[in-house]
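Notes follow the structure.
The values are calculated or read from the model by the stated rules, or taken from the named source; none is laboratory data. From a predicted model like this one, the values you see are computed outputs, not experimental measurements. So basically every Cβ, Gly included, is an ideal-geometry build from the backbone, and we count neighbours across all protein chains shown.
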Amino acid sequence: MQKNEEFVLDIVDVTADGSGVGKADGMAVFVPLTAVGDRARVKILKVKKTYAYGKLLSLVKLSKARIDNACPSFNQCGGCVYRHISYEAEKAIKENKVYENIKRIGGVDMKPQPILAGMPDRYRNKAQYPLSQEYSAGFYAFHSHRIIPCEDCLLQPQIFGEITQAVTAWAKKNDISIYNEQTHTGFLRHIYIRKAEKTNEIMVCLVINGDFLPESDSLTASLLAVCGDSLKSLQININKQDTNVILGDKCKTVYGEDYITDILCGVKIRLSPLSFYQVNHTMAEKLYEKAREYAKPDGKNIIDLYCGAGTIGLSMAKEAKSIIGVEIIPEAIEDAKHNAQINGIKNARFICADATDAASQLAKEGITADTVIVDPPRKGCSAEVIETIAHEFKPETVVYVSCDSATLARDIKIFSENGYNLVEYTPCDLFPRTSHVECVALLCRTSHSSI
């Protein structure tokens, strides 16, 4: 097989990142924008030892899963990968992705519960838009920092597009320079928007290479004209670093409050620009309800590792005997404490520490737990955390909320080696139309365990 060769391939599978898979000359060929059941004419772009990458040239036969794509930026933007197939087909792919990881990596041949899913469009409550030198907002192309203009992303509320247009028009009118990543010059870096689904409150935050916002009154007036009373906060985030990291550490309020408030699983949640919060409110509630079903919190002592702003633990606090949340990010812990306070929750304690260190600290205090909840980052739990959970806390159940089923599967295997077996797991689609899928798993201490 050579670069620039062309083949007609039958697409028979799909990769974890959403590319179709065909075979030619005994090699797997990965082809974005194709679907299982397609017959596609493909141009080879790159050849490796046992596989190759191809580009879709045309379709000879259409998959039954194919639908018309409604987004003009779909084949350019690096966000969605499944806009060319039905949502039913996408859910089946994601269910199977989780199952194969649990089976292959975790060593457990157990089918998942039906995937939890909601609306595939307009679900995001947060967006961060880079800006081009031509004063257009959009998103980065896949694996690049080339900006694809997008006036109305179908994953975001429609008002987000109206806000970005108001900001870019204000910037152009007032000759506000746009930050250039190559030269590290320019002022306006990103437009960052949050919307609270239950209260309808909106926060607009401009990420700037400076200390104050010029012409702020005219920007406020423009945003009020778009958002009306929903605009509760206009802020700047100061980022003067020569880095690709979007947000700096310091925020200043230009108009309104320092935060907005949403309600998740009946709990009021304060959101600042730096707060962690699930971007899909509806699906987060479904995910947390499944976690609650697995945890059975009534009268239990619960330790919530990697707790973020405390949302999972606080949603169970009224039923639980006690909640101890652990998180390494100081701002998140402050949010968690405030969220407990404004909800009148007095049986929750929050510790700012690395999960491994906090687990050791709590174990030294003699604290045990009926249930431990873990919601780690994509890299999963460390072996040390798992061993501390199993040998020091000794809970009857572990509820594992995962954003990567591959590391979940790896950790399920480590838990099994420490006396905890997988009982049930449920995929949850918090990011429709993208390749990502969350999962929540229930692990129980084995009756014969000597732990």
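Conditions tested, residue by residue: (1) among the small types (Gly, Ala, Ser); (2) at pLDDT 95 or above.
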position: Asp10; (1), (2): no, yes
position: Asp13; (1), (2): no, yes
position: Val31; (1), (2): no, yes
position: Ser58; (1), (2): yes, yes
position: Cys77; (1), (2): no, no
position: Cys80; (1), (2): no, no
position: Lys91; (1), (2): no, yes
position: Tyr99; (1), (2): no, yes
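Kindly check whether there is at least one residue in the stretch 254-261 that is more than 15 Å from Gln128 (Cβ to Cβ) and touching a residue at least 60 places away in the same chain (Cβ under 8 Å).
Quick first cut of the stretch 254-261, residues more than 15 Å from Gln128 (Cβ to Cβ) only: 254-261.
Going one step further and asking which of them are touching a residue at least 60 places away in the same chain (Cβ under 8 Å), we end up with 260-261.
Looking through the stretch 254-261, at least one residue is more than 15 Å from Gln128 (Cβ to Cβ) and touching a residue at least 60 places away in the same chain (Cβ under 8 Å).
Just give me the residues in the stretch 352-388 being under 19 Å from Gly310 (Cβ atoms) and assigned to a helix (DSSP H, G or I), in sequence order.
Ala355, Asp357, Ala358, Ala359, Gln361, Leu362, Val385
Of the residues that sit in the stretch 35-51 and are assigned to a loop (DSSP other than H, G, I, E, B) and β-branched (Val, Ile, Thr), which one is farthest from the chain's Cα centre (by Cα)?
Applying the filter and picking the extreme gives Thr50.
Starting from residues that are in contact with a helix residue (DSSP H, G or I) (Cβ under 8 Å, 6 or more places away or on another chain) and hydroxyl-bearing (Ser, Thr, Tyr), keep the ones in the stretch 302-346 and report whichever is surrounded by the fewest Cβ atoms within 10 Å (Cβ to Cβ).
Within the stretch 302-346, the match that is surrounded by the fewest Cβ atoms within 10 Å (Cβ to Cβ) is Tyr306.
Give me the residue from the stretch 167-199 that is assigned to a helix (DSSP H, G or I) and touching a strand residue (DSSP E or B) at 6+ places or on another chain (Cβ under 9 Å) and, out of that set, surrounded by the fewest Cβ atoms within 10 Å (Cβ to Cβ).
Ala171
Checking Ser435 against (1) in a loop (DSSP other than H, G, I, E, B); (2) crowded, with 22+ Cβ neighbours inside 10 Å: exactly one of these is not met. Which one?
In the conditions (1) in a loop (DSSP other than H, G, I, E, B); (2) crowded, with 22+ Cβ neighbours inside 10 Å, Ser435 misses (2) alone.
For the list (1) crowded, with 21+ Cβ neighbours inside 10 Å; (2) farther than 24 Å from Ala166 by Cβ; (3) touching a Phe, Trp or Tyr at 6+ places or on another chain (Cβ under 6 Å), I need the number of the one condition that Leu271 fails.
(2)
Condition (residue is farther than 22 Å from Leu33 by Cβ and among the hydrophobic types (A, V, I, L, M, F, W, C)) applied to the stretch 90-102: is it met by at least one residue?
yes
Restricted to the stretch 62-101, and to residues that are without any contact (Cβ under 8 Å) to a residue 24 or more places away in the chain and outside any loop (DSSP other than H, G, I, E, B), which residue is surrounded by the fewest Cβ atoms within 10 Å (Cβ to Cβ)?
Glu88
Here is a check on your reading of the model: is Ala16 closer than 23 Å to Thr434 by Cα, among the aliphatic types (A, V, I, L, M) and crowded, with 18+ Cβ neighbours inside 10 Å?
Here the answer is no, as Ala16 does not meet what is asked.
For the stretch 155-186, what are the residues that are in contact with a Lys or Arg (Cβ under 9 Å, 6 or more places away or on another chain) and closer than 12 Å to Leu206 by Cβ?
Ile178, Tyr179
For the stretch 273-301, how many residues are assigned to a loop (DSSP other than H, G, I, E, B), of a type outside the set (D, E, K, R), out of contact with any Asp or Glu (no Cβ under 6 Å at 6 or more places or on another chain) and within 14 Å of Thr371 (Cβ to Cβ)? Working first, answer last.
Initially, the stretch 273-301 is screened for residues assigned to a loop (DSSP other than H, G, I, E, B), giving 273-279, 296-300.
Okay, now just the ones that are also of a type outside the set (D, E, K, R), so 273-279, 297, 299.
Add one more test, that the residue is out of contact with any Asp or Glu (no Cβ under 6 Å at 6 or more places or on another chain), and what stays is 273, 276-279, 299.
Remaining after also requiring within 14 Å of Thr371 (Cβ to Cβ): 299.
Adding up the residues that qualify gives 1.
Whether any residue in the stretch 44-52 is touching a strand residue (DSSP E or B) at 6+ places or on another chain (Cβ under 6 Å) and without any contact (Cβ under 8 Å) to a residue 40 or more places away in the chain is what I want to check.
Yes.
What number goes with the only condition from (1) in contact with a helix residue (DSSP H, G or I) (Cβ under 6 Å, 6 or more places away or on another chain); (2) in a strand (DSSP E or B) that Arg349 does not pass?
Answer for Arg349: the failing condition is (1).
For Val226, are the conditions met, namely being more than 26 Å from Pro376 (Cβ to Cβ) and out of contact with any Phe, Trp or Tyr (no Cβ under 8 Å at 6 or more places or on another chain)?
Taking the combined requirement at face value, the residue satisfies it.
Search the stretch 289-303 for residues being under 19 Å from the mean Cα position of the chain (by Cα) and touching a residue at least 60 places away in the same chain (Cβ under 8 Å), and hand back the single one that is farthest from Pro376 (Cα to Cα).
Lys290
Any idea how many residues of the stretch 414-429 are touching a residue at least 60 places away in the same chain (Cβ under 8 Å) and outside any strand (DSSP E or B)?
Looking only at that region, the number is 2.
If Arg194 meets every condition in (1) out of contact with any Cys (no Cβ under 9 Å at 6 or more places or on another chain); (2) at pLDDT 95 or above; (3) within 20 Å of Val245 (Cβ to Cβ) apart from one, which number is that one?
(1)
Only one of Thr220, Thr164 is touching a strand residue (DSSP E or B) at 6+ places or on another chain (Cβ under 9 Å), touching a residue at least 24 places away in the same chain (Cβ under 8 Å), polar (S, T, N, Q) and farther than 21 Å from Tyr277 by Cβ; which? Can you show your working first?
Values: Thr164 fails: farther than 21 Å from Tyr277 by Cβ.
Selected residue: Thr220, the only one of Thr220, Thr164 that is touching a strand residue (DSSP E or B) at 6+ places or on another chain (Cβ under 9 Å), touching a residue at least 24 places away in the same chain (Cβ under 8 Å), polar (S, T, N, Q) and farther than 21 Å from Tyr277 by Cβ.
So if I check each of Tyr140, Tyr135, Tyr99, Tyr87, which one is touching a helix residue (DSSP H, G or I) at 6+ places or on another chain (Cβ under 8 Å) and aromatic (Phe, Trp, Tyr)?
Result: Tyr135 is the single residue among Tyr140, Tyr135, Tyr99, Tyr87 that is touching a helix residue (DSSP H, G or I) at 6+ places or on another chain (Cβ under 8 Å) and aromatic (Phe, Trp, Tyr).
Identify all residues within the stretch 312-335 that are assigned to a helix (DSSP H, G or I) and modelled with pLDDT of 95 or more; write none if there are none.
Ile312, Gly313, Leu314, Ser315, Met316
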